[in-house]
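Heads up: the structure comes next, in structure tokens.
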Amino acid sequence: MHNSCRPTARDGIGGTFVVSWAYLNAEGKQHWGDIFPDGKVPIQSIIEIPAKLKGIKQTQKVYMVNWQKLSTEQQLATLEKLTKLSGTPKAEILQEIQTVGLPLREKYTDAVATSRMELFF
């Protein structure tokens, strides 16, 4: 199974695995397709949240990436890309990801999905 979709969290109902992900759209694949070639990004929740992102004036809708479900290669590539884009050292970026999380802008996605079927009843 591809690491970005590896189920690791169990819900409290019957101990089933919970997996949620966002599908990158064409623009998202241009930015992140090298790290997520299948276009699937593991996220913590299918509910977008408002966020103020550095360098962007308007509040953005984001999904929070489930950092623990990324492979080591995906984590390192993400840190490298963010360092190149921002000029911020990798250690500082990693600390912020571990403290605040890693946002994925909703505008880079086509859809989201989850294995938590009770959300649809």
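Brief remarks follow.
- The residue that is surrounded by the most Cβ atoms within 10 Å (Cβ to Cβ), counting only those in segment 93-115 that are among the hydroxyl-bearing types (Ser, Thr, Tyr) and either in contact with a strand residue (DSSP E or B) (Cβ under 9 Å, 6 or more places away or on another chain) or within 17 Å of Trp32 (Cα to Cα) (or both), is Thr109.
- Of the strands (runs of 3 or more DSSP E) lying entirely inside segment 13-73, the ones with 3 or more residues being within 11 Å of Leu104 (Cβ to Cβ) are found at 20-24, 60-65.
- Flag if Ile49 is surrounded by fewer than 16 Cβ atoms within 10 Å (Cβ to Cβ), of a type in the set (A, V, I, L, M, F, W, C) and touching a strand residue (DSSP E or B) at 6+ places or on another chain (Cβ under 9 Å): yes
- Count of segment 37-46 residues, restricted to those that are touching a residue at least 12 places away in the same chain (Cβ under 8 Å) and surrounded by fewer than 14 Cβ atoms within 10 Å (Cβ to Cβ), is 1.
- Criterion: of a type outside the set (A, V, I, L, M), touching a residue at least 40 places away in the same chain (Cβ under 8 Å) and on the phi > 0 side of the Ramachandran plot - qualifying residue of Gly87, Gly101, Gly55: Gly101
- The residue that is farthest from Gln60 (Cα to Cα), among those in segment 77-87 that are more than 14 Å from the chain's Cα centre (by Cα) and surrounded by 13 or more Cβ atoms within 10 Å (Cβ to Cβ), is Glu80.
No value in this document is a laboratory result; all are computed from the given coordinates. Computed from a predicted structure; not experimentally measured. Cβ: placed from backbone, ideal geometry, glycine included. Neighbour counts: every protein chain shown.
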